[in-house]
1. Just to check your reading of the model, which residue among Val35, Val30, Val61 is in contact (Cβ under 8 Å) with a residue 40 or more places away in the chain, more than 30 Å from Asp97 (Cα to Cα) and not small (Gly, Ala, Ser)?
2. What pairs come out if I take residues in the range 67-85 that are open to solvent by 70 Å² or more (accessible area, probe 1.4 Å) and pair them with residues that are modelled with pLDDT under 70 whose C-beta lies under 6 Å away, six or more apart or interchain?
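The values are calculated or read from the model by the stated rules, or taken from the named source; none is laboratory data. What you are looking at is a predicted structure, and each value in this text was computed from that prediction instead of being measured. With ideal geometry, Cβ positions are generated from the backbone for all residues, glycine too; neighbour counts draw on all protein chains shown. The accessibility values were calculated without ligands, DNA or RNA, using every heavy atom of the protein model including side chains. Shrake-Rupley method; radii C 1.70, N 1.55, O 1.52, S 1.80 Å.
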Amino acid sequence: MSILAVNCSDVQFIFRIIHYIINILRWAVVIILLVMVTMDFLKGMMGKSEDEMRKNSSTAVKRVIWAVVVFFIPLLIKTLFAKAGINGGNGLVGPLDWVKCYNSAIK
């Protein structure tokens, strides 16, 4: 029975692409958040009732919370893999090996 061993050099290109996509998504979320929150507050200020203002403010706060969650998901995933900390022998066996390979690919 043979186990498929993946070397770090085999997947570094894929890790670089994933890293760039994640960074683009993180910044796109921040830009979209700024636009949407600004629109929510403008709608709240233009609204005639205080209920509309509260509703738009709570929507803006929820959007900020979701943006923070999306922004920190990659950090959370890397931390969880690092805490799993299983080192493999040949190739990328454990989560820690994958994290080390990802970190070396994005440098």
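1. Working: Val35 fails: in contact (Cβ under 8 Å) with a residue 40 or more places away in the chain; Val61 fails: in contact (Cβ under 8 Å) with a residue 40 or more places away in the chain.
Matching residue, one of Val35, Val30, Val61: Val30.
2. Every condition considered, the pairs that remain are Phe81/Pro95.
This table checks each residue for (1) among the aliphatic types (A, V, I, L, M); (2) at pLDDT 85 or above.
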{"position": "Ile3", "(1), (2)": "yes, no"}
{"position": "Asn7", "(1), (2)": "no, no"}
{"position": "Met36", "(1), (2)": "yes, yes"}
{"position": "Ser57", "(1), (2)": "no, no"}
{"position": "Ala67", "(1), (2)": "yes, no"}
{"position": "Thr79", "(1), (2)": "no, no"}
{"position": "Ala82", "(1), (2)": "yes, no"}
{"position": "Asn90", "(1), (2)": "no, no"}
